[in-house]
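Chemist: This structure is in structure tokens; I'll ask about it shortly.
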Ligand SMILES: Nc1ncnc2c1ncn2[C@@H]1O[C@H](COP(=O)(O)OP(=O)(O)OP(=O)(O)O)[C@@H](O)[C@H]1O
């Protein structure tokens, strides 16, 4: 049976503003769930909450029936990995980040993907791996970040507009790489055509209702 990520009645409050409330859904490894909604509605906050990067003010998260505290927060984030919209850091190179990520205790002994192959499939030269982050374009940084996160083989990838800095052909390549990764994908997009192309369920914020499922 494939792994399942469950969210029950999630609530996020910032200051005196309730941004998200009563959000419930579940996703299995290999499935795709798109998150849609207007700017500022709380899409990034939802993904950050799922990765246990921010505290939540209500609700529960489970991975295969276990809460983050039971699994251990580093182990949770190893399996439920947030991929930020912008470049992960300004210091060092992508290779150094990939090496450093593998040194975390929760990452040791886990299977890895083929990072050079992922870099090539995303239309990048291998040399980007050894270029300082600061020298990469927004689109190069976005793709190499994706390649690193996929190569770390989490069970779920939480994708914060993963193709926002890409031209159309590069976006299509990224969609192919992501869908063949085998990860469960929870994917924020502002592009109407993307869920239709990729296939998957669509959850609309602020209500958190599933509005449509596109076949694939
Ligand atoms: N650290 C923070 N402190 C205060 N307010 C925050 C913080 N992070 C987010 N917010 C607020 O929470 C709301 C939701 O933010 P979020 O980034 O999740 O929106 P979003 O739906 O991802 O938007 P966009 O589509 O523009 O990326 C916004 O009003 C934002 O200003």
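The values are calculated or read from the model by the stated rules, or taken from the named source; none is laboratory data. Please read these numbers as outputs of a predicted model, since none were measured by experiment. In this analysis, Cβ positions are derived from the backbone assuming ideal geometry, glycine residues included, and neighbour counts consider all displayed protein chains.
Chemist: Return only the number of the condition from (1) over 22 Å from residue 213 (Cβ atoms); (2) at pLDDT below 95; (3) surrounded by 14 or more Cβ atoms within 10 Å (Cβ to Cβ) that residue 29 does not satisfy.
Modeler: (1)
Chemist: Scan the strands (runs of 3 or more DSSP E) fully inside the range 5-95 and keep the ones with 3 or more residues being within 11 Å of the ligand (Cβ to nearest atom). Reasoning before the result, please.
Modeler: Values: elements: 17-28, 32-36, 58-63, 80-83.
Output list reads 17-28.
A quick yes/no check of all residues on (1) on the phi > 0 side of the Ramachandran plot; (2) touching a helix residue (DSSP H, G or I) at 6+ places or on another chain (Cβ under 9 Å):
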| residue | (1), (2) |
| --- | --- |
| 126 | no, yes |
| 130 | no, yes |
| 134 | no, no |
| 152 | no, yes |
| 156 | no, yes |
| 161 | yes, yes |
| 170 | no, yes |
| 177 | no, yes |
| 183 | no, yes |
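Chemist: When you go through 179, 189 one by one, which is the residue that is within 16 Å of the ligand (Cβ to nearest atom) and modelled with pLDDT of 95 or more? Don't jump to the end; show me each part of the working.
Modeler: Values: 179 fails: within 16 Å of the ligand (Cβ to nearest atom).
It is 189.
Chemist: In the set 171, 165, which member is within 16 Å of the ligand (Cβ to nearest atom) and free of Cβ contacts under 8 Å to residues at least 40 places away in the same chain?
Modeler: Details: 171 fails: within 16 Å of the ligand (Cβ to nearest atom).
Of 171, 165, the one residue that is within 16 Å of the ligand (Cβ to nearest atom) and free of Cβ contacts under 8 Å to residues at least 40 places away in the same chain is 165.
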